[in-house]
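Comments concern the structure below.
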Amino acid sequence: MIDRLKPVSVGPLPCKICGGPAALYGVVDFNKSCEELRGFRLPLSGVPIYYRRCANCKFLFTDAFDDWSTEQFKAYIYNEGYAAIDPDYQGKRPLNNARFVTQLWGTIKARTRVLDYGGGNDVFCATLRANGFPIAVTYDPMVEEYARRPEEKFDLVTCFETLEHLPDPAGGVASLLEHTADQGHVFLTTVAQPVDFDQLGLNWWYVGPRNGHISIFSKQALALAFARHGYKFGSFSDTLHIAFQTLPPFLTLKSQ
Ligand SMILES: [Zn+2]
């Protein structure tokens with residue numbers, strides 16, 4: 001049985017991103033997963049997970065797992081059942097990400113040291129190295145093999161489908177920026193709340209506690225989380241985002 005869930009408090013709590021008031025917003029079963037989008041549905045667990053949403057920046061989160069240690073996350077979320085509810089984790093997603101990063105950063109790859117933060121496996125970095133990036137390192141505290149925290153800084157820090165898993169997302173952003181070199185870039189994916197989120201509410205497919213999706217950003221919340229550290233923020237889409245102090249060359253407008 002799932003243990004050590006934090007008891008629900010009825011009143012508003014401070015938003016984990018901006019400190020604004022975050023009242024209770026809705027509740028879903030623990031077994032709600034992102035694969036429901038593709039018709040795969042786990043049986044109900046009977047464990048309710050409450051989410052709350054910030055009135056200011058619209059960040060949506062649950063504090064139910066705030067008291068969990070790594071052991072609890074591994075026992076109840078990142079366990080042997082995880083692959084069934086996140087089938088793209090092993091290969092498809094990192095290969096697509098590597099293709100995209102190679103397209104964007106390929107012309108400056110010789111001087112781009114890459115850190116993949118929360119990478120899970122090394123497929124993404126191995127593909128970059130095969131594509132000619134001299135340094136591409138995986139760091140993921142949840143995976144023993146890659147849990148050693150690197151001491152050096154990197155020109156490009158990538159963070160794919162990770163921020164939504166963090167019970168302390170502001171701390172996560174601070175941590176990945178600690179690894180970002182001066183004038184470096186952060187390229188990340190997390191699906192931001194769509195424009196019709198108010199109609200969808202917690203029925204939206206990306207709200208999936210079984211996937212460990214506990215911190216669901218709005219674009220405003222993403223921008224705020226990086227602005228606190230002096231970074232500008234831009235989005236290619238609801239999913240693909242970049243944080244920077246200086247624009248990377250492929251985004252710099254060339255004079256005619
Ligand atoms: Zn907020």
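Where a number appears in this text, it was derived from the coordinates with a stated rule and is not lab data. Nothing here was measured: the structure is a model prediction, and the numbers come from that model. Counting neighbours? That spans all protein chains shown, and the Cβs are built from the backbone with ideal geometry, glycine included.
Annotations for the structure displayed:
- Sorted by Cβ density within 10 Å, fewest first, the residues THR127, THR138: THR127, THR138
- Of all beta bridges that DSSP places with both ends in the chain, some 65 percent have antiparallel geometry.
- Gain upon complete extension [VAL195, LEU247; 0.36 nm per residue less C-alpha separation]: 16.1 nm
- Between helix 92-105 and the chain there is an angle of about 40 degrees, using the helix long axis and the longest principal axis of the Cα atoms.
- Charge dipole (the stretch 13-249, unit charges on Cβ, about Cα centre) - positive-most of TYR25, HIS229, LEU44: HIS229
- Neighbour-count ranking [beta-carbon atoms within 10 angstrom, fewest first] of ILE85, ILE49: ILE85, ILE49
- Amide N proximity, the stretch 32-46 versus LYS92 label position 7 Å along Cα-to-Cβ, cut-off under 14 Å: 34-40
- Interatomic Cα distance distribution for the stretch 1-131, bins of 5 angstrom, percent: 2, 9, 13, 14, 14, 15, 14, 10, 6, 2, 0
- For the pair ILE108 and ARG41, the difference between a 0.36 nm per residue extended length and the Cα-Cα distance amounts to 19.7 nm.
- Comparing LYS109, LYS92, LYS232 in a Gaussian network model of the chain, where Cα atoms under 10 Å apart are tied by springs, the biggest mean-square fluctuation is seen for LYS92.
- Under Karplus coefficients 6.51, -1.76 and 1.60, residue-wise ³J(HN,Hα) of the stretch 232-249 in Hz, glycine/proline x: 8, 9, x, 10, 7, 6, 5, 9, 9, 9, 9, 10, 7, 9, 10, 4, x, x
- Shown for the stretch 13-249: lysine pairs separated by 8 or more places, or found on different chains, whose C-alpha atoms are under 22 Å apart, numbering 10.
- Evaluated with a Cβ-only charge set (Lys, Arg +1; Asp, Glu -1), the chain carries a dipole of roughly 700 debye about its Cα centre, given to the nearest 20.
- In the elastic network of the chain, a GNM with C-alpha springs shorter than 10 Å, the most mobile of ALA174, ALA110, ALA223 is ALA110.
- With all pairs of separate Cα atoms included, the stretch 135-256 yields a Kirkwood hydrodynamic radius of 15.5 Å.
- The order of CYS54, CYS15, going from fewest to most other C-beta atoms within 10 Å of their C-beta, is CYS15, CYS54.
- Binned Cα-Cα distance frequencies in the chain - 5 Å width, integer %: 1, 6, 13, 18, 19, 17, 13, 8, 4, 2, 0, 0, 0
- One Cα centroid belongs to the stretch 175-208, the other to the stretch 115-140; the line between them spans 20 Å.
- Dividing the summed helix terms, -39500 (n - 2.57) for each DSSP H run of n ≥ 4, by the number of residues in the chain produces a 222 nm estimate of -6000 deg cm²/dmol to the nearest 500.
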